[in-house]
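Shown next, in structure tokens, is the structure this report addresses.
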Amino acid sequence: MYGAILGDMIGAPYEFDRGDKTKDFPLFIRGSQFTDDSVMSIAVAEALLDTMGQTDDEVKAALVQSMQTWGRKYPHAGYGGRFRGWLSEKHPEPYGSYGNGSAMRVSSAGWLYPTLDETRYAARLTAEVTHNHPEGIKGAEATASAIFLARTGKSKDEIQDYIVSEFGYDLSRTCDEIRPTYHHVESCQKTVPEAITAFLEGTDFEDVIRTAVSLGGDCDTLTCIAGSIAEAFYGIPEEMMEECRKRLPNEMLGVLNRFEQAVHSFLDPFLEGNV
């Protein structure tokens, strides 16, 4: 989950095409702070940790409660209008969104389950409480699937083939082809493929982050998604993880530490993944 949060933090100052669409930029500046992407990633992780082995209804209820609780703690994190309203509702219902919020908050689902089918199912649940449009669900499932495949040792070619065959995303364009006309857009269908492409082109964790930011647009969310996959494939340099921790409040660090402990407690020690 560090990868998602770092992607959010590093991409945030350059959102809305405020960068120069270049990979040559300082990774951490004054504005490198968490936004709604990180808040909701923490909320989803907490809910999934609290409900392992429980029913779908219990998982969804916990997701709603956790997302509303964390969202109200950090009301100025940059939520979209519809979601901001959802956070304040007494009896919130899904609202048919295909926004990229379902994909940016799903990273924990890519780590917490032993099979790809279970991973996809959990990702679907995390999306359906708000983003129950087919594209919103697809974005969450595709992101979590890529994380699962990366952490279980699949090659980039295998990951790409699976995402294309299962979800139909166009991953044939290069980042150089995407970059010139890419602009701020908040749909899954115009964010998730670009984020996966940035991951596929990157040569290590930092290069994935830089590549994603260089595309511009909604690059805190795009880089959050790309970073979540890159962490599973490459791991993260300790100095970048320390920069992340310095920028998070203690209550978020508590959930992040709990998540890391849970993941390490059940990962197969003989399965090294790509790290």
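Before we move on, is residue 19 crowded, with 16+ Cβ neighbours inside 10 Å and small (Gly, Ala, Ser)? For residue 19, the condition - crowded, with 16+ Cβ neighbours inside 10 Å and small (Gly, Ala, Ser) - is met. Residue count for the range 86-103 under the criterion of being of a type in the set (A, V, I, L, M) and more than 14 Å from residue 138 (Cβ to Cβ): the result is 1. Here residue 55 meets each of (1) surrounded by 20 or more Cβ atoms within 10 Å (Cβ to Cβ); (2) over 20 Å from the mean Cα position of the chain (by Cα); (3) of a type in the set (Ser, Thr, Tyr) with one exception, condition (1).
Residues of the range 172-199 being hydroxyl-bearing (Ser, Thr, Tyr) and farther than 18 Å from residue 16 by Cα, which ones? If the condition is that a residue be hydroxyl-bearing (Ser, Thr, Tyr) and farther than 18 Å from residue 16 by Cα, then 172, 174, 197 are the ones that fit. The residue of the range 214-265 that is surrounded by the most Cβ atoms within 10 Å (Cβ to Cβ), among those that are under 19 Å from residue 79 (Cβ atoms) and hydrophobic (A, V, I, L, M, F, W, C), is 224. Here the condition is being of a type in the set (Gly, Ala, Ser) and either in contact with a His (Cβ under 7 Å, 6 or more places away or on another chain) or part of a loop (DSSP other than H, G, I, E, B) (or both); of 85, 78, it holds for 78 alone. Scanning the range 190-245 for residues that are among the acidic types (Asp, Glu) and under 14 Å from residue 100 (Cα atoms) yields a total of 3. Looking across the range 96-118, just one residue is of a type in the set (Val, Ile, Thr) and buried (at least 24 other Cβ atoms within 10 Å of the Cβ), and that is 106. When each of 192, 213 is tested for being under 18 Å from residue 24 (Cβ atoms), at pLDDT 95 or above, within 16 Å of the chain's Cα centre (by Cα) and not aromatic (Phe, Trp, Tyr), the lone residue that passes is 213.
Selection over the range 66-78 of residues that are of a type in the set (A, V, I, L, M, F, W, C), surrounded by fewer than 20 Cβ atoms within 10 Å (Cβ to Cβ) and farther than 17 Å from residue 9 by Cα gives a count of 0. Only one of the numbered conditions (1) part of a helix (DSSP H, G or I); (2) buried (at least 18 other Cβ atoms within 10 Å of the Cβ); (3) over 16 Å from the mean Cα position of the chain (by Cα) is not met by residue 61, and that is (2).
Here's the yes/no breakdown for (1) among the hydrophobic types (A, V, I, L, M, F, W, C); (2) in a helix (DSSP H, G or I); (3) free of Cβ contacts under 8 Å to residues at least 12 places away in the same chain:
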position: 216; (1), (2), (3): no, no, no
position: 220; (1), (2), (3): no, yes, no
position: 226; (1), (2), (3): yes, yes, no
position: 239; (1), (2), (3): no, yes, yes
position: 243; (1), (2), (3): no, yes, no
position: 253; (1), (2), (3): yes, yes, yes
position: 264; (1), (2), (3): no, yes, yes
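When residues in the range 10-40 are screened for being touching a Leu at 6+ places or on another chain (Cβ under 9 Å) and either among the basic types (Lys, Arg) or not in a loop (DSSP other than H, G, I, E, B) (or both), 4 of them pass. For residue 81, the conditions (1) surrounded by fewer than 21 Cβ atoms within 10 Å (Cβ to Cβ); (2) over 21 Å from residue 134 (Cβ atoms); (3) modelled with pLDDT of 95 or more all hold with the exception of (3). Those residues that are part of a helix (DSSP H, G or I), surrounded by fewer than 20 Cβ atoms within 10 Å (Cβ to Cβ) and in contact with a Phe, Trp or Tyr (Cβ under 8 Å, 6 or more places away or on another chain), I need them from the range 136-188; list them, please. Passing the criteria: only 156.
The values are calculated or read from the model by the stated rules, or taken from the named source; none is laboratory data. Being a predicted model, the structure only gives us computed values, none of them experimental. Cβ coordinates were reconstructed from backbone atoms using ideal geometry, including for glycine residues, and neighbour counts include every protein chain displayed.
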